[in-house]
Structures are given as C-alpha cells and as structure tokens.
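Structure, as structure tokens:
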Amino acid sequence: MDLHFAQAEATAAERSVIDLFMEGQPSANGLTEETRLERPRSRELRELLLPGLHALQSGIGWISHGALNHLCEALSVPPADAYGVASFYSMLALSEQAPDVLHVCDDIVCRSNGAMELIDECERVFGPEGTGQAVGWHRSPCLGRCDRAPAVFVQRTGTDDFDHGPVHADLSGRPLDGLAELARMNLELGIDRSTTPQGPAEVRLLRRIVQGVDPASLESYRSNGGYAALEQALAIGPATIRALIAASGLTGRGGAGFPTGRKWDMAAAEPAPRYVVANADESEPGTFKDRLLIEGDPFALIESLTIAALAVGASKGFVYLRGEYPLARQRLAAALVSARSAGLLGDGILGSGTSFDIELRVGAGAYICGEETALFNSIEGYRGEPRNKPPYPTQAGLFGRPTVVNNVETLLNVPIIITGGPEAYRELGTDLSTGTKVFAISGHVGVPGVYEVPFGTTLQDLLALAGGMRNGSSLRSVLLGGAAGTFIGREALEMPLANERAAEYGASLGSGAVVVFDSATDMADIVARIAAFFRDESCGQCAPCRIGTVRQEELLVRARAGFDAAPLIREVGQAMTDASICGLGQTAANAVRSAIDLGLIRGGV
C-alpha cells in the first residue's frame, strides 16, 4: 500500500505510548491457523486501529496529527482513513483538551433528575463547555446510569476512567480527585451500585447478583453453579446444544427478538471459520441492564459466549463493550484472564479438543455501533457505519465470515437452558415469549433499577416492583423501549410485557428500557431531547436518516411555537422508516409520533 503522511511528527511521549501499545499485541493476535488464512496481516493490523486510538486518548489525553501519523505507520493504515475513524467517536479528542474531562449526561432521565442544574454548576466552576484548562466538561447522551441520575463519566489522562452518580449540583471544593474517591468508596460500600434486583423465585439471570456472588472470583462463580453448563455442553455436542436452544423458544433480548436457535443454525450451516460476538454496546437511552449483568456476573458472559461458540463451531469470539462502562471493562478483563489461567479459554477447554478465546473490544462513544454490522466495522478498524443487508451476519459478518451476534442478556439465558432443559425454561413466560426478561426501570419511580420478571408480567406490576410512582406523584406516561421506543399512557398499565402483547398496543419492548414520567414533567423538552439525540447519533451515511433526523428536530421547535407540525412530522418519520438502511433511522420517529398521538406535545393534533 502506498501511504502518504503529513509532516507532523509525534512527540516522544506519543511515540512511547504507541510503541508500548504495539509491543503488547500478540504477533498472530490469537488466531488459529484456519482463521489466519482468512485474514491477511494488513487486516490484522487494521483492526488494531481503534484500540490504538484508545491507547493515545488514555495515555496522552488527545490524538494529535503527529501521533496519528505514527500510529498509521505502525499499522499501515492511510492517515486519511484513520482520521475518519478517530473523528467518528465522541470519546476521542482530535484537539488538545484538559487532562480530566467530565461528561455530564443531559439525556431524558438525567435531565428529569437535576442534570441541568449540574450543567449550570459545571459552567460556573470549570468555565464554558469544552474550554477548561485543568478540568473540561461536555454534555453527553445517556451514560447508562439512569438508576443513579444525574450521572457523570470522567475520562482521566494517564489513569483509570470512572463513572459516578448521582452527582449533586454543588461541586464547590470538590475537585475530580474527590469525586473519584467518593465513587471508589461508594463502590466498596455497595452504595454506588445500589441497583438492587428483587429476589422472587422467578429470578434467573440475576440470581448470582442477588445472592452477592463475588464478581472477581472464579471460584465463587463455580461454587454457585458456574461452568456446569459448559461441561454439559461439551458432552452433548453442537447439534444438541442448538436443538435445546431452539426448543426453549429463546429470542433475542436486544430489541429485534429474533429466534436464537434459528440464528445459530444459520451460522453453523455456513463454511468455517466463524465468529461469535457479544454485543455489550447498549447505548439506548434508559437502558442499563447489560451493564449490571456484566459488572455483577462477568464469568457468566464468558461461559455463555463459549457455549455459543461451541454450538456454531467458532474458535474466536469478541465482546464489544460500551466505552462508558469502566467498571464492566475492568471486571470483564480480569475475568477473561482468570478464565484463561484456569483452562476455560484457549486451547483444549476443560481438557476437551475444543479451542476458543475471547477478545474484549471497547467502543468509543457511538450509539450506532450497537447495530450489528456497524459493530463489525468498528472492530475491523473502520468507521462504525452499518452495512446494507443482505448478506446477513450469519452469512458474511465480521471479517466477511459467518458470525453470530447476540445481546448480553440473550447469551446469559443459554447456560440456564442447557442445565435446566428447554421444558423448564418455558415454564415461565408466554407461549411466544418464553422465559424471563430483565427490565431497566428509571425516571420518576421509587426505586429505579434492574428487575427480572417472567414475560407476561403486566406493566403495572413491574412498576410496583420498582416502588411505584416517586413521592406519590401521578403518572403522565411511560417510554417503553428507550428513545427508539414508544410513549404509552395510563391506559396501557395492564399491558402484559410480552413481545406479542406489546405489539397489540402499538409498542415494542425493545431492549427493556422503561422510563417513567410524572405529571410535572415537561414532555416537550423530553421529546426534543430525543430528537436531538437521533440528530447527533445518525452516522450520516444514508440521506433519509441524515436529513430526516435534522428536519424532525426543526419541526419540533416550530411545534413548540404553535406551528401545526404533526402532518410534516409524520411524513418525515415515514420517509425515515421506509428508506433508512438501519434501525436507527427506521425507529428515529417512533417516540415523537407516539408523543403526538398521546397528546404529550403540541403537534397540531
């Protein structure tokens, strides 16, 4: 490849960070000979681009042109390409910034719980947004800490990032070191992670978390039933595993609801090599269940992904984790090391002839990378833009090979099905929505958090588990399924939470986000924030989404001024739904249209 570099040169510190990063990369990146034949060296290097950019951001605090040049030379990547990738992600800075940067969530849950006052305080203490010398700050979309709103995520140069919440508006006399210490202390005391799942007998996925199993201890995991399913899976073999999963009726928990067994069969029927990927990039505003599952039970994800690999014949897997989840990253990385040391990953797992390993990849702040093909591009070192389908991932996914992508919650059902059998699994739930569902409940409820209930539980019963309305306030509406979901009103409280029943109400369970708003909420402000979210997060690749999300937001501004915007909003929304190439554009109008239908905002209806 003929590469052309600009004149800018890396500093000694930047070269040191990149050289150290490259030294830490295994020469063959853990690939089997079969896989290596399918991935030339240039592609192996290219896939290191995002991790390399992370190394610079973490070590230096930003990515200069000189540093980018040096990284591109090491990876044989054209600098223009690399710039396009680096500029795609909100967590990567291409201009010098303060060594500590506070990302303040102003999304729909946090802005209902004091985020705007916190932003005013940041401006008073640190100066205008993006200008601080020692500490900078930026507004941020949802950080996945809606149970502890208002929340912040802090990037710190040369040390570990952290997140924290709730953060009260008074920051006087509390530099970030103090905030970090407070976050650490609260974590140790179990205060900061007080998302406490309930403990009914139906709880399955949250069982070990409810019981307080040590997430850092492999021994603790194994003594509580961990790895029994993998041992059983190795004994029964791939075809039987897939048959059990299909018989269970397990469907995807990330929002699409596709039958898992069918997906695995489709991938297994394609020629090797194949990959498996755990999609842990949950970025839907109001969704934080996968964060809790990984932080509280990281070995369960490793075991589940290993069984999925065994079922479809994959020797390599990836976990693509949201960048704003520092604790989940730390615990999952440590769990991967422990699992390898114990022979639960690598060659000859548990003394069998099966080899499999997992690589942890971390996103960098892009909602669209939760879309499976955008996720592939991100792992491969390209901009996280969705691909046209077909071909589908089970035919040509990661690195062009057959790939199974499953949501974290979906995967964690697998060991339960293997050990308990599909019949027992189907005892909970409905005929078409089997098993349990983990919901993330936030907003104006008494006890925001993560709750696991059987499919078919009514929305009213779910809200009762979360303590009902906060301070006796009255319900205005519920946003079901996150920003891409639908507003529903009080008349839907008797809705059974099952995929087929939600559809009868014109709604979708989505990824399980349930955001509750009371009668005092400024719904026009909430809907406007949702529209701004999609405007910002559109990757810009297809015109219906790129233009439609902007036009939708503009129309909402005019509607607040009294303009009858409803007909145009519906028209723009229909164009995005019909013509966008991925789920972001196809669902970007759902919440807005439902808000108009319910009379939550002025739209001329």
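The values are calculated or read from the model by the stated rules, or taken from the named source; none is laboratory data. Note that this is a predicted model, so its numbers are computed, not measured. Cβ placement follows ideal geometry from the backbone for every residue including glycine, while neighbour counts extend to all protein chains displayed. Just the protein is used for accessible areas: all its heavy atoms, side chains included, with ligands, DNA and RNA removed. Shrake-Rupley method; radii C 1.70, N 1.55, O 1.52, S 1.80 Å.
Looking only at the range 32-84, count how many residues are among the acidic types (Asp, Glu) and at pLDDT 90 or above.
Number satisfying all stated conditions: 3.
Mind listing just one residue for me: the one in the range 501-523 that is open to solvent by 50 Å² or more (accessible area, probe 1.4 Å) and among the charged types (D, E, K, R) and, of those, modelled with the lowest pLDDT?
Among residues in the range 501-523 that are open to solvent by 50 Å² or more (accessible area, probe 1.4 Å) and among the charged types (D, E, K, R), the one modelled with the lowest pLDDT is Glu504.
For the range 404-434, which positions are outside any strand (DSSP E or B) and under 18 Å from Ala278 (Cβ atoms)?
Val408, Glu409, Thr410, Leu411, Leu412, Asn413, Val414, Pro415, Ile416, Ile417, Ile418
Okay, residues lined up against (1) part of a loop (DSSP other than H, G, I, E, B); (2) at pLDDT below 90:
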{"site": "Glu129", "(1), (2)": "yes, no"}
{"site": "Phe153", "(1), (2)": "no, no"}
{"site": "Ala169", "(1), (2)": "yes, yes"}
{"site": "Arg174", "(1), (2)": "yes, yes"}
{"site": "Glu188", "(1), (2)": "no, yes"}
{"site": "Glu202", "(1), (2)": "yes, yes"}
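Output the qualifying pairs, or none if there are none: Cβ atoms under 9 angstrom, residues six or more apart or on different chains, first residue in the range 534-551 and on the phi > 0 side of the Ramachandran plot, second residue open to solvent by 40 Å² or more (accessible area, probe 1.4 Å) and not in a helix (DSSP H, G or I).
Every condition considered, the pairs that remain are Gly540/Glu385.
Can you tell me which residue in the range 366-384 is least open to solvent (accessible area, probe 1.4 Å), limited to those that are part of a helix (DSSP H, G or I) and acidic (Asp, Glu)?
Glu380
A quick yes/no check of all residues on (1) closer than 21 Å to Gly323 by Cα; (2) touching a residue at least 12 places away in the same chain (Cβ under 8 Å); (3) open to solvent by 10 Å² or more (accessible area, probe 1.4 Å); (4) not polar (S, T, N, Q):
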{"position": "Arg46", "(1), (2), (3), (4)": "yes, yes, yes, yes"}
{"position": "Leu49", "(1), (2), (3), (4)": "yes, yes, no, yes"}
{"position": "Leu56", "(1), (2), (3), (4)": "yes, yes, no, yes"}
{"position": "Ile60", "(1), (2), (3), (4)": "yes, yes, yes, yes"}
{"position": "Gly66", "(1), (2), (3), (4)": "no, yes, no, yes"}
{"position": "Leu75", "(1), (2), (3), (4)": "no, yes, no, yes"}
{"position": "Gly84", "(1), (2), (3), (4)": "yes, yes, yes, yes"}
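Among the candidates Leu600, Leu555, Leu584, which residue alone is farther than 25 Å from Ala503 by Cα and surrounded by 18 or more Cβ atoms within 10 Å (Cβ to Cβ)?
Checking each option against the conditions leaves just Leu555.
Identify the single condition in (1) farther than 30 Å from Pro271 by Cα; (2) of a type outside the set (Asp, Glu); (3) assigned to a strand (DSSP E or B) that Leu462 does not satisfy, given that it satisfies every other one.
All conditions pass for Leu462, except number (3).
List the number of the failed condition for Ala440; all other conditions in (1) at negative phi; (2) touching a residue at least 40 places away in the same chain (Cβ under 8 Å); (3) open to solvent by 10 Å² or more (accessible area, probe 1.4 Å) hold.
(3)
Name every residue in the range 465-485 that is open to solvent by 10 Å² or more (accessible area, probe 1.4 Å), in contact with an Asp or Glu (Cβ under 9 Å, 6 or more places away or on another chain) and either part of a strand (DSSP E or B) or in contact (Cβ under 8 Å) with a residue 60 or more places away in the chain (or both), in order of residue number.
Met469, Leu475, Arg476, Ala484, listed by residue number.
Which ones in the range 517-564 are touching a helix residue (DSSP H, G or I) at 6+ places or on another chain (Cβ under 8 Å), within 19 Å of Asp106 (Cβ to Cβ) and part of a loop (DSSP other than H, G, I, E, B)?
Thr521, Ser538
Which numbered condition trips up Leu305, out of (1) touching a residue at least 40 places away in the same chain (Cβ under 8 Å); (2) farther than 18 Å from Tyr227 by Cβ?
Leu305 satisfies all of (1) touching a residue at least 40 places away in the same chain (Cβ under 8 Å); (2) farther than 18 Å from Tyr227 by Cβ except (2).
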